[in-house]
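What follows is a short report on a single structure.
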Amino acid sequence: MKVSDYIIQRLAEEGITHAFLVQGGAMNDLLYSVADHPGMKYVCAGHEQGAGFMAEGYAKAKNDGTPGLAIATSGPGGQNLLTAVANCFYDSVPAIFLTGQVNTKFLSPNSQIRQVGFQECDIVAMAKPVTKHAMMVRYVRDVRYALEYALWLCREGRPGPVLLDLPIDVQKAEIAPASLM
């Protein structure tokens, strides 16, 4: 099973039935996993900010603690989510925001280099002030923990958004779900 399939399957198990997104190269695996999942529908928004606000509206309409879900690609795609992420933060709305990221081998090795990979962006640093938690999942071994923590934290106490940044090679990795236990 691909990591992207595992993530979408796990989100569907939590009752999330819709993913709001704009297609982009660094999140294609997540998009295909949503499209292939029988219990998940995707809504292609005209802009990532709209996708984020749709996820917020979804969570508010469900009104049962089910988080909204928005997915964007790397760079400007993820940046375009930030207004909606902030709105979820200030309005205490549980939401999961997933962003694609360049392959780990193309990540900048230090802060002196602006970017190595195409549309590489430190979306985690940008999102931290307006999320309950934001992290890049660099290693397949961390996928389960990161996802479970995100699902728990977005609903725990005062609800709010979390953001997981997922490099392409992590999304594509083949795993045995039992190995993530």
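On a 24 Å Cα-Cα criterion, which of the cross-link pairs K41/K62; K41/K105; K62/K172 come out too long?
Checking Cα-Cα distances, K41/K105; K62/K172 exceed 24 Å.
Please work out how much length the chain gains when fully extended from F106 to S92, using 0.36 nm per residue of separation minus the C-alpha to C-alpha distance, in nm with one decimal.
1.6 nm
What number do you get for the range 57-153 when its Cα radius of gyration is normalised by 2.2 N^0.38 Å, N = residues?
Computed over Cα atoms of the range 57-153, the ratio equals 1.13.
Can you figure out the FRET efficiency of D36 with A178, using R₀ = 25 Å and their beta-carbon distance, to the nearest 0.05?
Approximately 0.75, to the nearest 0.05.
Hey, could you grab the Kirkwood Rh for the range 1-89? Inverse mean 1/r over distinct alpha carbon pairs, Å, one decimal.
Computed over the range 1-89, the radius equals 12.9 Å.
Can you compute the helix-only [θ] at 222 nm over the chain? Use -39500 (n - 2.57) per DSSP H run of at least 4 residues, normalise by all residues, nearest 500 deg cm²/dmol.
Result for the chain: -12000 deg cm²/dmol, rounded to the nearest 500.
Would you mind telling me the antiparallel percentage of the DSSP bridges in the chain, rounded to 5?
Looking only at bridges with both residues in the chain, the antiparallel portion is about 5 percent.
Report in % the part of the accessible area of the chain that belongs to carbon and sulfur, leaving out ligands and nucleic acids; probe 1.4 Å.
53
Using a Debye calculation, one point per C-alpha and no hydration shell, please list log10 I(q)/I(0) for the range 23-70 at q = 0.17, 0.19 Å⁻¹ in order.
After summing over all Cα pairs, the log10 values are -0.54, -0.67.
Diagonalise the Cα gyration tensor of the chain and give the resulting equivalent ellipsoid semi-axes, square root of 5 times each eigenvalue, largest first, whole Å.
Equivalent ellipsoid of the chain: 22, 19, 15 Å, largest first.
Counting only C-alpha contacts under 8 Å and six or more residues apart, can you give the relative contact order of the range 1-72 as a whole percent?
Across the range 1-72, relative contact order equals 38 percent.
In percent, what relative contact order does the chain have, based on Cα pairs under 8 Å that are 6 or more apart in sequence?
Across the chain, relative contact order equals 25 percent.
Sequence-distant or interchain residues sharing an amide H contact under 5 Å with K2, placed H: which?
Residues meeting the amide H criterion: I175.
The values are calculated or read from the model by the stated rules, or taken from the named source; none is laboratory data. Here the structure is a predicted model, which means the values were calculated and not measured. Note: ideal-geometry Cβ built from the backbone for every residue, glycine included; neighbour counts use all protein chains shown. Ligands, DNA and RNA are excluded from the accessible area calculation, which covers all protein heavy atoms including side chains. Shrake-Rupley method; radii C 1.70, N 1.55, O 1.52, S 1.80 Å.
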